[in-house]
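> Here's a structure for you.
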Amino acid sequence: MSLSHLTAEVVINRPIEEVIAFVDDEANDPLWQSSVLESKKIGSEPPAVGTTYHAKEKFLGRVIEQDWVVTERNSNGSSWKAHSTTGPFPMTTSMTMEEVEGGTKVTRVLDIDVGKFFKIASPVVATIATKEIATDLEVLKALLEGS
């Protein structure tokens, strides 16, 4: 097993409610997540524990499709966790948004088990993925701040 724990954070100069609303809308995922080609929520209910999403993503030059299920979510959506239920390797992701002076601090965590899929290159995969999630948060910041 080759597991990587990746994290990135950014402060966005917008109210927390705006950040949550933007992140909650899966139609926005391809706008700020460079790996996401398509994202679709299964069902019409608001995001909650048990909500499932189907994503088509590009990961290290390969297109993969996987389903994600929300496993934890607080009442206002400022903290949530999800894990993949299909796809080539297990992943868990979480986001936490908290009010800070100057806006909203967003922290993203990704745990990825590349296992046999990228066994030899797992340190390289971790480096690339870490840069990707940090860049994604900077794009989210730019979109929400209008810059």
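> For residues in region 3-40 being surrounded by 14 or more Cβ atoms within 10 Å (Cβ to Cβ) and among the β-branched types (V, I, T), which is nearest to N74 (Cα to Cα)?
I20
> Within region 91-118, restricting attention to residues that are over 22 Å from E65 (Cβ atoms) and in a loop (DSSP other than H, G, I, E, B), which residue is modelled with the lowest pLDDT? Don't jump to the end; show me each part of the working.
Step one: filter region 91-118 for residues over 22 Å from E65 (Cβ atoms), giving 96-107, 109.
Within this subset, residues satisfying the condition of being in a loop (DSSP other than H, G, I, E, B) are 101-102.
Values: E101: 95, G102: 90.
Within region 91-118, the match that is modelled with the lowest pLDDT is G102.
> Separate question: What is the residue count in region 76-90 for residues that are of a type in the set (F, W, Y) and in a loop (DSSP other than H, G, I, E, B)?
Start the filter on region 76-90 by keeping residues that are of a type in the set (F, W, Y), which leaves 80, 89.
Subset that is in a loop (DSSP other than H, G, I, E, B): 89.
Number of matching residues: 1.
> I would also like to ask the following. I'd like the full set of residues that are at positive phi and exposed (fewer than 13 other Cβ atoms within 10 Å of the Cβ), limited to region 41-86.
Start the filter on region 41-86 by keeping residues that are at positive phi, which leaves 43, 50, 60-61, 77.
Scanning region 41-86 gives G43, G50, G61.
> A further question follows. Within the set of pairs 6+ apart or on separate chains, which have a first residue in region 88-105 that is more than 18 Å from L6 (Cα to Cα), a second that is in a strand (DSSP E or B) and acidic (D, E), and C-beta atoms under 9 Å apart?
Short answer, once both residue conditions are applied: T104/E98.
> Would it be correct to say that P15 is more than 17 Å from P90 (Cα to Cα) and free of Cβ contacts under 8 Å to residues at least 40 places away in the same chain? Steps first, please.
Values: more than 17 Å from P90 (Cα to Cα): yes; free of Cβ contacts under 8 Å to residues at least 40 places away in the same chain: no.
Here the answer is no, as P15 does not meet what is asked.
> Pairs under 8 Å by beta carbon, first residue closer than 13 Å to A27 by Cα in region 42-57, partner β-branched (V, I, T) and part of a loop (DSSP other than H, G, I, E, B), six or more apart or different chains?
What qualifies is I42/T51.
The values are calculated or read from the model by the stated rules, or taken from the named source; none is laboratory data. Note that the coordinates shown come from a computational prediction; the quantities given were computed from them, not determined experimentally. Cβ: placed from backbone, ideal geometry, glycine included. Neighbour counts: every protein chain shown.
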